[in-house]
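Presented below is the structure to which this report refers.
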Amino acid sequence: MVFLPDESRSLPPPPLLNKGTVWFGFSGWLAALLDNAFNQRPVLRAGVHRQILFATLGCFVGYQLVKRAEYMHAKVDRELLEYIRHHPVDFHGGEG
């Protein structure tokens, strides 16, 4: 993907069915229904191919956004653990 670096390939992929894919897929389908309503077409019966396309596009965008979020969280975790490893005096055990 354009906005993910190559180092993100080392992470396991997120599940195909997650919050992002469901939410954006539903939003895409709803966008197609609203397009039908605004253009005074039958809301559910017209443009079924467009509804499927928008829902699929929404699922793809949601999956990519979840993938990016997981990469960003893994990057922050890696940086924090590296900092802790280099500064052990600041992060002593639970005594105290």
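When only residues in the stretch 45-62 that are outside any loop (DSSP other than H, G, I, E, B) and open to solvent by 80 Å² or more (accessible area, probe 1.4 Å) count, which is farthest from SER8 (Cα to Cα)? This residue is HIS49. You will find that of LEU53, LEU80, the residue that is under 25 Å from GLU7 (Cα atoms) and more than 18 Å from the chain's Cα centre (by Cα) is LEU80 and no other. Only one entry of VAL61, VAL76 meets the criterion of being touching a helix residue (DSSP H, G or I) at 6+ places or on another chain (Cβ under 8 Å) and at pLDDT 95 or above, and that entry is VAL61. When the stretch 1-25 is filtered for residues that are open to solvent by less than 100 Å² (accessible area, probe 1.4 Å) and either basic (Lys, Arg) or touching a Cys at 6+ places or on another chain (Cβ under 9 Å) (or both), the ones remaining, listed by number, are GLY20, THR21, VAL22, PHE24, GLY25. Listed by first and then second residue, the pairs with beta-carbon distance under 7 Å, at least 6 apart or on different chains, first residue in the stretch 54-76 and touching a residue at least 24 places away in the same chain (Cβ under 8 Å), second aliphatic (A, V, I, L, M) and assigned to a helix (DSSP H, G or I), are PHE54/ALA31; PHE54/ALA32.
Checked against (1) closer than 23 Å to LYS75 by Cβ; (2) within 11 Å of the chain's Cα centre (by Cα); (3) hydrophobic (A, V, I, L, M, F, W, C), CYS59 meets all criteria but (1). Being of a type in the set (A, V, I, L, M), open to solvent by 100 Å² or more (accessible area, probe 1.4 Å), within 30 Å of GLU7 (Cβ to Cβ) and within 18 Å of the chain's Cα centre (by Cα) is a property that does not hold for LEU65.
Candidates PRO42, PRO88, PRO13: the one that is part of a loop (DSSP other than H, G, I, E, B) and either in contact (Cβ under 8 Å) with a residue 12 or more places away in the chain or touching a helix residue (DSSP H, G or I) at 6+ places or on another chain (Cβ under 6 Å) (or both) is PRO13.
The values are calculated or read from the model by the stated rules, or taken from the named source; none is laboratory data. All values reported here derive from a predicted model rather than from experimental measurement. Using ideal geometry, Cβ is built from the backbone for each residue, glycine included, and neighbour counts are taken over all protein chains shown. Surface areas here come from the heavy atoms of the whole protein model, side chains and all, with no ligands, DNA or RNA. Shrake-Rupley method; radii C 1.70, N 1.55, O 1.52, S 1.80 Å.
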